[in-house]
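The structure under discussion appears below in the form of structure tokens.
The values are calculated or read from the model by the stated rules, or taken from the named source; none is laboratory data. Only a predicted model underlies this, so the values are computations on that prediction, with no experimental measurement involved. Glycine gets a Cβ as well: all are built from the backbone with ideal geometry, and neighbour counts include every protein chain shown.
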Amino acid sequence: MKATEILMEEHRAIERVLNALEKAANRLHRGEDVYLRFFTGTTVFIKCFIDGCHHKKEEAVLFPALIENGLSEESGPVAVMLAEHEEGRRLAQMLRQSVERVQAGEVRKREAIVENANGYIKLLRLHIAKEDKILFPMADKVIPTAQQEQIMEAFEQFERDDNGEGMHEKYYGLSGRLEKECLR
């Protein structure tokens, strides 16, 4: 298995959470009740799995390998992906803050949850499509096989050292629970 295949597999889990978030945000927008713990769980998934694992592996391992093999860090696909990671962090923080404000009793901030969720969803769906269709095929072509094996080893080490054993199972399990919880 290639590193890009692992990242695309992670994209499928991320998309499941994005779909659940969209359903919950739509329900909230229509004035239906949605358990706030759903949104809290989603912000945990975003912070810990999407940003803390998936994006970190790209930024610390894959993107440097792409740059080493001829892509620019200042322009082109890597620069776009890095900028989108930063925008995703900003939107995720805004979502987290709006959830916290509603939990603190500011009921009128419910629409801010919807707005921030929709912004995050839109950004991540486009981002994932660019990575799956453009960046990852490019990585498979420009990164030599031996270096791709090193990337896999670096991914495994990162997950062991930074996230601990069973990280994927934990967050894939959370993605499944969020899929079910968005309809409560």
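Residues satisfying the criterion are absent from segment 92-100 (criterion: over 20 Å from the mean Cα position of the chain (by Cα) and hydroxyl-bearing (Ser, Thr, Tyr)). Residue count for segment 16-37 under the criterion of being in contact with a helix residue (DSSP H, G or I) (Cβ under 7 Å, 6 or more places away or on another chain) and at pLDDT 90 or above: the result is 10. Working carefully through the options Glu68, Glu59, Glu84, find the one that is exposed (fewer than 15 other Cβ atoms within 10 Å of the Cβ), among the charged types (D, E, K, R) and over 21 Å from Ala20 (Cα atoms). Every option except Glu68 fails the conditions. Kindly evaluate Glu111 against the criterion of being touching a residue at least 40 places away in the same chain (Cβ under 8 Å) and exposed (fewer than 15 other Cβ atoms within 10 Å of the Cβ). When the stated conditions are applied, Glu111 passes them.
For segment 27-45, residues that are within 20 Å of the chain's Cα centre (by Cα), under 16 Å from Asn118 (Cβ atoms) and not hydroxyl-bearing (Ser, Thr, Tyr) total 2. A single entry from Ile143, Ile128 fulfils the requirement of being closer than 24 Å to Glu5 by Cβ, out of contact with any Pro (no Cβ under 8 Å at 6 or more places or on another chain), of a type in the set (Val, Ile, Thr) and at pLDDT 95 or above: Ile128.
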